[in-house]
Amino acid sequence: MAFPVCRYKEMTYFVTAALWLSLLLMLKSHTLYALELEDQLYMAEMHDSAWSFTGSDYSCELEHEVPQFGVARFRRLAGENLHFFINSFQPVPEPVEGFVNEVSPPWEHNPPDPIRHVIAIQPGLRPMALPRKQAGWLLTSLTKGQVGSFSFADWDDSRRQVRVQLSPVNFQKPYRDFKRCLRQLPKSGGFSALRHSTLHFALDVARVDGKGEQRLDQLAAYIQADERISRITIEGHADDQGSTGYNKGLSARRAANVYSYLTGKGVKGRLMTQRHYGESRPKIARRTESARAANRRVEINLER
């Protein structure tokens with residue numbers, strides 16, 4: 001029986017259309033595959049992973065470098081809560097939403113914590129910062145041998161994810177030192193206790209005495225631990241005994257001696273401003289011996 005010509009042409013049309021459709025689907029599939037970019041991963045290799053601990057009477061810190069991205073730090077200051085942040089080597093151009101979660105390394109058999117915290121990736125040189133609760137969770141993750149992973153869309157190409165990961169390799173020893181430091185860290189005596197300090201001076205004396213040096217030692221140690229200190233004001237004063245001009249010069253020498261002592265202890269001079277007022281700003285406006293003793297002073301104020 002002969003096959004109708006019209007029927008043959010119809011079947012040929014549908015076969016051709018099906019072939020073209022298959023080809024288009026294949027091309028689309030390949031195109032989509034090409035559009036899927038590999039994640040950009042920043043993480044220390046196992047043999048390069050290093051954690052370091054530093055501590056003082058006023059601070060405890062754990063530090064870890066993430067190659068090509070930045071330096072991660074857990075830090076706690078006296079009188080304040082634990083916090084975590086990453087300082088990047090290059091500024092992040094714009095804010096973006098991100099996540100932090102646990103990832104199990106190949107050698108870890110325990111499953112990771114399924115919790116995923118939403119965080120804000122900030123522009124500038126400190127893109128990641130976690131408050132006490134999230135910082136404590138991340139610290140615990142590392143003690144369990146898990147990888148702490150930050151992820152967010154690449155600001156140059158949102159099809160690609162950027163992953164910044166903290167390796168748990170070589171973490172335990174510095175962490176034990178960090179824990180010992182935390183136990184010894186005073187719960188008070190931080191910024192709130194040291195932000196306003198007063199040193200007193202004997203009559204007609206500009207040199208800082210032993211008690212004043214102890215206070216300046218405390219201030220120097222704290223200032224170097226707290227990177228948020230943005231300004232230190234040193235104000236010299238005198239009592240009303242002597243001429244106005246002499247007292248002005250005496251108060252200036254007192255402020256200069258405090259400045260010199262702090263710079264000698266490592267405080268950066270660019271943070272400090274000296275002022276001197278002579279007898280013009282008494283603490284107690286009376287002419288008694290106790291009032292004059294209170295007025296012979298240098299006041300040191302810290303600002304963040």
Of the candidates S290, S251, the one satisfying the condition of being among the hydroxyl-bearing types (S, T, Y) and either under 30 Å from N81 (Cα atoms) or in contact with a strand residue (DSSP E or B) (Cβ under 9 Å, 6 or more places away or on another chain) (or both) is S251
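I'm trying to understand the selection: among the residues of region 100-129, which are part of a strand (DSSP E or B) and exposed (fewer than 15 other Cβ atoms within 10 Å of the Cβ)? Explain how you work it out, then say what you get.
Let us first name the residues in region 100-129 that are part of a strand (DSSP E or B), namely 100-103, 116-121, 124, 128-129.
Selection gives R116, H117, V118, A120, G124.
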Give all pairs with beta carbons closer than 6 Å in which a residue from region 239-257 that is without any contact (Cβ under 8 Å) to a residue 24 or more places away in the chain meets a residue that is of a type in the set (V, I, T) and surrounded by 17 or more Cβ atoms within 10 Å (Cβ to Cβ); count only pairs at least 6 apart in sequence or on separate chains. none
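Looking at the structure I just gave you, is E102 acidic (D, E), in the same structural domain as H47 (by TED's automatic domain parsing) and more than 23 Å from E45 (Cα to Cα)?
Numbers: acidic (D, E): yes; in the same structural domain as H47 (by TED's automatic domain parsing): yes; more than 23 Å from E45 (Cα to Cα): no.
Considered against the rule, which asks whether it is acidic (D, E), in the same structural domain as H47 (by TED's automatic domain parsing) and more than 23 Å from E45 (Cα to Cα), E102 comes out as no.
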For region 40-87, which residues satisfy the criterion of being touching a Phe, Trp or Tyr at 6+ places or on another chain (Cβ under 6 Å) and hydroxyl-bearing (S, T, Y)? Y42, Y58
All-but-one check, L37 against (1) assigned to a strand (DSSP E or B); (2) modelled with pLDDT under 95, failing number (1)
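Restricting to strands (runs of 3 or more DSSP E) lying wholly in region 56-96: which have 1 or more residues that are more than 20 Å from S141 (Cβ to Cβ) and among the hydroxyl-bearing types (S, T, Y)?
Those strands (runs of 3 or more DSSP E) span 59-66, 83-88.
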Any hit, region 273-291, residues being touching a residue at least 24 places away in the same chain (Cβ under 8 Å), more than 30 Å from F74 (Cα to Cα) and under 29 Å from the mean Cα position of the chain (by Cα): yes
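Please find, among R159, R163, the residue that is assigned to a strand (DSSP E or B), in contact with a Leu (Cβ under 8 Å, 6 or more places away or on another chain) and farther than 30 Å from S188 by Cα.
Details: R159 fails: assigned to a strand (DSSP E or B).
None of the others qualify; the one that does is R163.
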Contacts under 7 angstrom Cβ, first residue in region 116-127 being at negative phi, partner aromatic (F, W, Y), 6 or more apart: R116/F99; H117/F99; V118/F99; I119/F99; I121/F152; R126/F85
Quick check: anything in region 143-153 small (G, A, S), outside any strand (DSSP E or B) and crowded, with 16+ Cβ neighbours inside 10 Å? yes
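The values are calculated or read from the model by the stated rules, or taken from the named source; none is laboratory data. Bear in mind the structure is a predicted one, so any value in this text is a computation, not a measurement. With ideal geometry, Cβ positions are generated from the backbone for all residues, glycine too; neighbour counts draw on all protein chains shown.
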